[in-house]
Amino acid sequence: MMDLPLTDREERILEAVIRTYVETAEPAGSRTVAKRHGLGVSPATIRNAMSDLEDKGYLFHPHTSAGRIPTDRAYRYYVDTLMQPLRLTVAEQRRLRRELQDEEGGGALERVVRRAAQAIGLITGELGLAIAPRLDEVVLEKLELALVSSDRVLLVLTLRNGVVRTIYADVRATIPPETLAALTMIMNERLAGLTLTEIRATLPERLRDAAPDDPGSTELLNIFLEKAGEAFDQGSVSGDEVVLGYTSVVAAQPEFAEGERLRSLIELTEQQELLRSVLSRRGGEASTQITIGREHGDPRLLPFTLITSEYQLGSLSGVLGVIGPTRMPYEKVAAIVQYASLLVGELSSGELRVRPGGEGPRS
């Protein structure tokens with residue numbers, strides 16, 4: 001069907017129908033639209049315009065209802081032409097930041113990404129999802145040891161892409177600065193310039209007999225070897241895995257009240273390969289991307305809208321977003337996804353520190 005131009009009145013009525021349907025989850029009738037949106041025209045005029053919009057492919061008429069429902073074409077027209085950029089309020093920004101900084105969420109990149117997928121899902125009512133960048137082949141640029149108190153040492157790992165990872169280690173006695181400096185030099189000589197994969201595979205051998213002739217440095221080196229997995233492992237998330245938020249959140253929407261539709265949602269969450277393929281194609285775009293229904297090119301995604309934004313972390317990038325029914329408050333969801341992607345880059349660049357035991361962020 002050719003895209004036929006819409007008059008100003010048709011645009012206003014189409015926007016009103018979409019907003020009504022998004023808010024009520026019920027087919028929009030002319031009287032309801034007139035009452036909710038005060039368009040300055042009669043229900044009869046609205047009804048006639050809705051009939052014209054149906055002829056043009058922007059609305060359809062369920063057999064069991066007198067109201068109309070927007071089509072994928074309508075949502076696309078709304079996103080491209082009618083939707084206005086929305087800025088989150090200060091309170092909304094604080095809430096999202098608080099959700100990402102939750103003590104249970106941790107500070108490592110992978111934990112922040114997982115927490116972000118969960119948080120934006122909870123806030124939007126959709127299914128949050130993300131892909132973390134692969135860190136396996138990132139090179140360790142340097143590491144530093146610093147005494148932060150009489151019984152605590154901080155290990156700072158700087159990766160070539162700009163990622164900073166930190167590990168706190170408790171020691172039984174104060175370690176002299178000259179011992180820390182000597183151990184730092186030796187560890188840099190043996191580890192700097194290697195990828196995380198190489199370090200994980202050869203760490204014990206590379207650090208064998210690395211400690212200076214000092215009991216404190218031997219203890220610290222042993223602690224470091226114990227925590228090597230936390231420092232050099234990507235954790236439970238790899239760049240090949242799609243991280244999902246809480247399915248129960250989006251399952252509560254009216255679209256999934258019927259067993260068949262709920263089953264399609266559950267099946268979708270099990271389609272790692274499909275979701276991975278879709279998300280991996282959405283990198284490299286600075287702006288928020290929105291695809292609706294048939295635009296995905298896969299029948300399994302026909303009932304869904306996907307809104308994503310790329311997050312940057314030095315030379316690395318990942319994708320964060322939500323998927324949900326095409327009936328969606330597009331402005332609000334797009335604003336939340338975009339802001340969350342900015343936060344992920346910020347919170348993963350060293351602003352949050354990883355503490356032993358997954359204790360979360362530490363200022």
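The values are calculated or read from the model by the stated rules, or taken from the named source; none is laboratory data. All figures in this text were calculated on a predicted structure; none of them were measured in a lab. All Cβ positions, even for glycine, are placed from backbone atoms using ideal geometry, and neighbour counts span all protein chains on display. Areas reflect the complete protein model, heavy atoms only, side chains present, ligands, DNA and RNA absent. Shrake-Rupley method; radii C 1.70, N 1.55, O 1.52, S 1.80 Å.
Odds and ends about this structure:
- Every residue from the stretch 255-270 that is over 12 Å from residue 304 (Cα atoms) and of a type in the set (D, E, K, R): 258, 260, 263, 267, 270
- Any pair with Cβ under 7 angstrom, 6 or more apart, that starts in the stretch 13-24 at a residue that is of a type in the set (A, V, I, L, M) and ends at one that is surrounded by 22 or more Cβ atoms within 10 Å (Cβ to Cβ) and not in a helix (DSSP H, G or I): 14/58; 17/28; 17/59; 17/68; 17/70; 18/70; 22/328
- Top-ranked residue in the stretch 34-62 [being open to solvent by less than 30 Å² (accessible area, probe 1.4 Å) and not in a helix (DSSP H, G or I); ranked as farthest from residue 293 (Cα to Cα)]: 62
- Among residues of the stretch 332-361 being under 17 Å from residue 93 (Cβ atoms) and open to solvent by 30 Å² or more (accessible area, probe 1.4 Å), the one that is modelled with the lowest pLDDT is 351.
- Strands (runs of 3 or more DSSP E) within the stretch 286-328 that include 1 or more residues open to solvent by 60 Å² or more (accessible area, probe 1.4 Å), more than 20 Å from residue 246 (Cβ to Cβ) and not hydrophobic (A, V, I, L, M, F, W, C): 304-313
- Out of 31, 68, sole residue that is touching a strand residue (DSSP E or B) at 6+ places or on another chain (Cβ under 7 Å) and surrounded by 14 or more Cβ atoms within 10 Å (Cβ to Cβ): 68
- Unique match (being under 30 Å from residue 339 (Cα atoms), modelled with pLDDT of 90 or more and either open to solvent by 20 Å² or more (accessible area, probe 1.4 Å) or assigned to a loop (DSSP other than H, G, I, E, B) (or both)) among 86, 6, 96, 14: 86
- Qualifying positions in the stretch 241-258 - among the hydrophobic types (A, V, I, L, M, F, W, C) and not in a helix (DSSP H, G or I): 242, 243, 244, 252, 257
- Of the criteria (1) modelled with pLDDT of 85 or more; (2) surrounded by 14 or more Cβ atoms within 10 Å (Cβ to Cβ), which one residue 181 fails: (2)
- The single condition from (1) among the polar types (S, T, N, Q); (2) assigned to a loop (DSSP other than H, G, I, E, B); (3) within 33 Å of the chain's Cα centre (by Cα) that residue 20 fails is (2).
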